[in-house]
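Student: Input: one structure, supplied below.
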Amino acid sequence: MKQLVIPDVSLGAVGPEIVLVVTAILLLLLEVFTARKEKGYLAYTALGGVLLASAMTANMNGYTEMNFSGMYVVDNFASFFKLVCLLGTGMTILVSVTYTINEGISNGEYYALLLFATSGMFFMISGSDMVTIFMGLEVMSISLYALAGYTRNREKSNEAALKYFVLGALASAFLLYGIALIYGATGSTKLAIIGDSLRTGIANYHLIIIGAALLVVGFGFKISAVPFHMWAPDVYQGAPAPVTAFMSSGPKAATFAAFLRVFNEALPSMQADWWQIFWILSVMTMTVGNIMALRQTDVKRMLAYSSIAHAGYILMGFTTGDWFGVSAILFYMLVYTFMNIGVFAVVTIVARKNEEKTTFEDYTGLGYKHPIIGVTLVVLLFSLIGIPPTAGFVGKFYIFMSALQQGYVWLVIIAVVNSVISVFYYLRLTIVMYMTEETTEALPSLSLSPSLVTALIISIYGSLWLGVMPSSYITFAQAASLIP
Amino acid sequence: MTLLILFYSFATLAICLAMTMIIAKRPIISAISLVGVMFCLAGLFAMLNAHLIAALQVLVYAGAIMVLFMFVIMLLNVREKEGESYSSAVFIQIGSVGILAAMLLPFMTTINMTVNPNLEVDFGTTFAVGKVLFTDYLLPFEIASVLLLAGLVGAVMLSKIKIK
Amino acid sequence: MSQYIPVLFMLAVAGAISVGMVLASELLGPKFKFREKMEPFECGEVQASSSKQRFSIRFYLVAMMFIIFDIEAVFLFPWAVTFQALGVFGFIEMMIFILILAAGLIYIWKKGVLDWE
C-alpha cells in the first residue's frame, strides 16, 4: 500500500492552543482528584495557562505562516485577536474567583470550559479554511452553552442555556449550510482558493450569493447583530455575571475575526455587493440596541442591549473593506474588552449571592456608600459612551473616521446620533448611583477580593491609558490589519 | 433514469417525513418520522457516492442520536396534545418557509449543476475519507476531540445529578 | 450504485415481513376487542398506572456519553482502514485524539456519572 503524504505539521504554530487545551484537561483531572477544600488554586492554574498562552502568542507577533495543509494561519491579525481573547479570558477568571466561591459552584469544570471556549476562539481566529473556522466556532459555542447554564439552581440560568443552545444550534446550521453552498460553488473550503475562483469567475455566482447571505446570518447571530439578536438580552441576563462578561468580549472578538477573514480573504471581489448589507446591518444593530436599552430596568439586560449597539458600531468597520476599517475594528475590540469586563465585574460585585441585585434600584446610592466602586463604574460607563479622554472615545473616533474616509457620511451621522442616545441610559445608571437619595435599604458591605480589584485596575488602566496614549496600540492594530 | 427516480423518491419521502415530524401531535411519531428522514438522507448520500457518510448517517443519527431523543421525550414526560388545534403560528411558519423556497427556486434553476466527471475510483469509500481526514483535515480532526470533550463536560454539568 | 442493490433488497424484505406479519394477523386472526386488550402491551391485564413515567436523568446522561464515545468510535473506522498507509504518523495522531477523550472518561468516572447509586 502506498504511503500517504504527511502534511506540514507545526506544533509551534498551535502552541497557545495546545497550552489552553492541556491546561483545561489538567483542570478537569485536578477537579476530580483533589479534595473540595483545596480547590482555590484551580483558578490560578487556569490563569497560569492563559498567561503562558499569551506569552507564546505575543512571541509569534511579526511572522506569517500557513500550516496544516492551509487549514491554519498564524499572522499579526490572528495574534492581535488572540491577545484580545486572552485578555477577556484572563479578566473573566479574575472576576470569577470570588463568584465561584460565593455561589458554591464547582470550579474545575468552570475554568476548563472557559479555556475550551478560548481554544475554540483561537481556531476560529486562525482558521484559513471554513472547516477549521466552523469547528472552532462549535467548540466555543458548546462551552458557552454550558457556561450560560452553569448556576444550575437558578431558573433564569437554565432558561438562558436552553435558549442560547436552541437558537445557537439553528445559527450554526445556517452557517454550515452557507459553507456547503460556497463549497458547492467553488469546490473548496479554503478561503484563498474560494477567493481565487471568484476572481477568475469559475465559481457559480448565484450559489455564492446565497452562501454568503447564510454566512452573514450565522456569524451575525454570534455577534448579536440585529435582526439575529433575539437571544442576547435573555442570555446575558440569565447567565452568571462573569460568564456574561466573558460572552460579550472574547467570543464576539473571535467571531468578528472569522467574519473579517472570510469576507476579506474569500469574498473580497464581492465587496461592492456586501458593503450594503453591512451598512444596513450596522444601522439596524446600533439603532435597535440603543433604543431598546433605554427601556430596561435590569442592568444586565441594559448592558446586553448596549453590547448589541456596540456590535453595530464595530460593523461600521466592515463596510469599508480596507485596512483602515479592519484596524479600527481591532482597536475597538481591544478597548471594548477592557471596559466591558470591568463593568461586568462591578455588576458581579453588586449582584451578590444568587445574583438578586441587578436592577437599577439596587445601584441607588452606590456612589456614596462605596465611592471607589462608584468612581470605577462611572469611568467605565463614560468609556462606553465614548467621552474623551477615555479609550471608548478613541475607539469610536477611529472607527467613525474609517467609515468617513470611504464616504459613508450618513452612516457616521446615524452612528453619532446613536452615541447621543446611548448617553441617556448610561447616565441614568450614574444618576441612580449619585443623584438619588438613599431611600432603599442600606447597602450591605460588598466583598472586594484581591482578584476582583486586579480585574478592575486592569480595566480602568485599559479604559484610560488607551484613551490618553493610544498611538502605540493603534500602530499595533494597523500592523495587524488583514488587508495590506 | 433509475437514479432520477430514486433521487426524487428519497427526496420527496424526506420532505414528507420532515413535515410529519413537525406537525405530528404525538412526540413519538415525530421521533419515528425523524428516523425516516435520516434513512432517506442516508439514501441520498449513498447516491452521491458518499458511502461512508451514508453508513454513518444510519449508525450515528438514526441509531445513537435518536435513542437520545427518545430518552428526552420520556424524560420530559411530554403530554400528547390531542384535541388541541394548531396555532396559527405553525401555518405562518410553514407559509414563510414556502415563500422562501419559492424565492430561492429561480436562483436554484439558474445553477448549472454538473457531475464532476473526474471522480476518483475510490471516492467516498472509508479509505478515501480516512486519507483526507488524517492528512489534510488533521487539525479539524483533533479539534473534534476537544469539541467532544467540551460537550461531555457540559452535559455532566448541566444535568442536575448530584455530583461528588 | 449496483452495490446497494442488496441493501435495497434487504430493506424491502424487512419491510415486507414486518408489514406482512401485522397484516396477516389482522386479516387471519380472530378479533376480540375489549378495553383491557386494547391497552398497550396487550396482556389483558388492567394497567396499574400510566406507562408514561419520568425517567431518571441518568438515562439521558448515559445516552449522552454513549453518543460522545460512539462518535469517537466512528473516527476509528477510517483510521483503521488507512492505518498502514499512514504509518507512525497516523498512530500518533489517533493517540492524541484518544488521549484527549480518555481524560474525559477519567473525569466522568471519578465524577460518578457512571455509578447508578
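Student: Just to check your reading of the model, which residue among A:TYR305, A:TYR332 is out of contact with any Ser or Thr (no Cβ under 8 Å at 6 or more places or on another chain), assigned to a helix (DSSP H, G or I) and over 27 Å from A:VAL468 (Cα atoms)?
Tutor: Testing whether each residue is out of contact with any Ser or Thr (no Cβ under 8 Å at 6 or more places or on another chain), assigned to a helix (DSSP H, G or I) and over 27 Å from A:VAL468 (Cα atoms) leaves just A:TYR305.
Student: Same structure, new question: Is it fair to say A:THR376 is modelled with pLDDT of 90 or more, farther than 30 Å from A:ASP322 by Cα and surrounded by 14 or more Cβ atoms within 10 Å (Cβ to Cβ)?
Tutor: Judged against the criteria, A:THR376 is a match.
Student: Being modelled with pLDDT under 80, within 14 Å of chain C (Cβ to nearest Cβ) and over 14 Å from the mean Cα position of the chain (by Cα) narrows it down to one of B:LEU75, B:LEU48, so name that one.
Tutor: B:LEU75
Student: Provide a single number: the residues in region A:139-183 that are in contact with a helix residue (DSSP H, G or I) (Cβ under 8 Å, 6 or more places away or on another chain), more than 9 Å from every other protein chain (Cβ to nearest Cβ) and of a type in the set (D, E, K, R).
Tutor: Number satisfying all stated conditions: 4.
Student: Additional query: If you go through region A:194-201 one residue at a time, do you hit one that is under 27 Å from A:GLY289 (Cβ atoms), among the charged types (D, E, K, R), away from chain B (no Cβ under 14 Å) and surrounded by fewer than 21 Cβ atoms within 10 Å (Cβ to Cβ)?
Tutor: Checked region A:194-201: no residue is under 27 Å from A:GLY289 (Cβ atoms), among the charged types (D, E, K, R), away from chain B (no Cβ under 14 Å) and surrounded by fewer than 21 Cβ atoms within 10 Å (Cβ to Cβ).
Student: Under the condition of being among the hydrophobic types (A, V, I, L, M, F, W, C) and more than 10 Å from chain A (Cβ to nearest Cβ), which residue from region C:103-117 is surrounded by the most Cβ atoms within 10 Å (Cβ to Cβ)?
Tutor: Looking at residues that are among the hydrophobic types (A, V, I, L, M, F, W, C) and more than 10 Å from chain A (Cβ to nearest Cβ), I get C:VAL113.
Student: So, one more: Just to verify a result, which residue in region C:1-42, among those that are over 28 Å from B:ASN49 (Cβ atoms) and within 14 Å of chain B (Cβ to nearest Cβ), is modelled with the highest pLDDT?
Tutor: C:SER18
Student: Identify, by number, the condition in (1) closer than 21 Å to B:VAL60 by Cβ; (2) buried (at least 19 other Cβ atoms within 10 Å of the Cβ) that C:LEU86 doesn't meet.
Tutor: (1)
Student: Okay, moving on. Scan region B:126-149 residue by residue and report those that are among the hydroxyl-bearing types (Ser, Thr, Tyr) and farther than 18 Å from C:LEU99 by Cβ.
Tutor: Scanning region B:126-149 gives B:THR126, B:THR135, B:TYR137.
Student: On to the next question. Of these, A:GLY187, A:GLY108, A:GLY136, which one is on the phi > 0 side of the Ramachandran plot and either within 12 Å of chain B (Cβ to nearest Cβ) or surrounded by 24 or more Cβ atoms within 10 Å (Cβ to Cβ) (or both)?
Tutor: A:GLY187
Student: Against the conditions (1) under 28 Å from A:SER451 (Cβ atoms); (2) more than 8 Å from chain B (Cβ to nearest Cβ); (3) not hydrophobic (A, V, I, L, M, F, W, C), where does A:GLY120 fall short? Just the number, please.
Tutor: The number of the failed condition is (2).
Student: Could you grab me the full set of residues in region C:89-102 that are surrounded by fewer than 17 Cβ atoms within 10 Å (Cβ to Cβ) and at the interface with chain B (Cβ under 7 Å from one of its Cβ atoms)?
Tutor: Within region C:89-102, just C:ILE96 meets the criteria.
Student: Additional query: Do we have any residue at all in region A:281-291 that's under 19 Å from the mean Cα position of the chain (by Cα), buried (at least 24 other Cβ atoms within 10 Å of the Cβ) and either assigned to a loop (DSSP other than H, G, I, E, B) or β-branched (Val, Ile, Thr) (or both)?
Tutor: Yes, region A:281-291 contains a residue that is under 19 Å from the mean Cα position of the chain (by Cα), buried (at least 24 other Cβ atoms within 10 Å of the Cβ) and either assigned to a loop (DSSP other than H, G, I, E, B) or β-branched (Val, Ile, Thr) (or both).
Rundown of residues vs (1) under 20 Å from the mean Cα position of the chain (by Cα); (2) at pLDDT 90 or above, yes/no style:
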residue	(1), (2)
A:THR337	yes, yes
A:HIS370	no, no
A:TYR425	no, yes
A:TYR434	no, no
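Let's see how each residue does on (1) surrounded by fewer than 19 Cβ atoms within 10 Å (Cβ to Cβ); (2) of a type in the set (S, T, N, Q); (3) at negative phi; (4) more than 12 Å from chain C (Cβ to nearest Cβ):
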position	(1), (2), (3), (4)
B:PHE10	no, no, yes, no
B:ALA31	yes, no, yes, yes
B:VAL37	no, no, yes, yes
B:GLY43	no, no, yes, no
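Student: Search region C:51-83 for residues being surrounded by fewer than 19 Cβ atoms within 10 Å (Cβ to Cβ) and of a type in the set (Ser, Thr, Tyr), and hand back the single one that is nearest to the other protein chains (Cβ to nearest Cβ).
Tutor: Here the answer is C:SER56.
Student: Being over 23 Å from A:PHE256 (Cα atoms), away from every other protein chain (no Cβ under 11 Å), crowded, with 19+ Cβ neighbours inside 10 Å and in contact (Cβ under 8 Å) with a residue 40 or more places away in the chain narrows it down to one of A:ALA24, A:ALA78, A:ALA46, so name that one.
Tutor: A:ALA46
Student: Where residues in region A:161-219 are in a helix (DSSP H, G or I) and among the polar types (S, T, N, Q), which of them is nearest to A:VAL235 (Cα to Cα)?
Tutor: A:SER172
Student: Follow-up. Hey, any hits in region A:268-276 for a residue that's buried (at least 24 other Cβ atoms within 10 Å of the Cβ) and of a type outside the set (D, E, K, R)?
Tutor: no
Student: Which residue out of B:LEU17, B:LEU34, B:LEU13, B:LEU4 is part of a helix (DSSP H, G or I) and either at pLDDT below 90 or closer than 24 Å to B:LEU133 by Cβ (or both)?
Tutor: From the options B:LEU17, B:LEU34, B:LEU13, B:LEU4, the qualifying one is B:LEU4.
Student: Something else now. So, in region A:14-59, of the ones that are farther than 16 Å from A:MET121 by Cβ and assigned to a loop (DSSP other than H, G, I, E, B), which residue ends up modelled with the highest pLDDT?
Tutor: Looking at residues that are farther than 16 Å from A:MET121 by Cβ and assigned to a loop (DSSP other than H, G, I, E, B), I get A:THR34.
Student: So, A:THR34, is that one more than 21 Å from the chain's Cα centre (by Cα) and either more than 14 Å from every other protein chain (Cβ to nearest Cβ) or within 19 Å of A:VAL9 (Cβ to Cβ) (or both) or not?
Tutor: In short, no.
Student: Another question, if that's okay. Since A:GLY70 meets every condition but one in (1) outside any loop (DSSP other than H, G, I, E, B); (2) farther than 17 Å from A:GLY48 by Cβ, which condition does it not meet?
Tutor: Condition (1) is where A:GLY70 drops out.
Student: Looking at A:LEU267, is it modelled with pLDDT under 90 and farther than 26 Å from A:ALA403 by Cα?
Tutor: no
Student: Moving on. Give all pairs with beta carbons closer than 9 Å in which a residue from region B:60-82 that is assigned to a loop (DSSP other than H, G, I, E, B) meets a residue that is aromatic (Phe, Trp, Tyr) and at pLDDT below 85; count only pairs at least 6 apart in sequence or on separate chains.
Tutor: B:ASN77/C:PHE55
The values are calculated or read from the model by the stated rules, or taken from the named source; none is laboratory data. Keep in mind that this is a model prediction, so the values were computed, not measured. Reconstructed Cβ throughout: ideal geometry from the backbone, glycine too, with neighbour counts over all protein chains shown.
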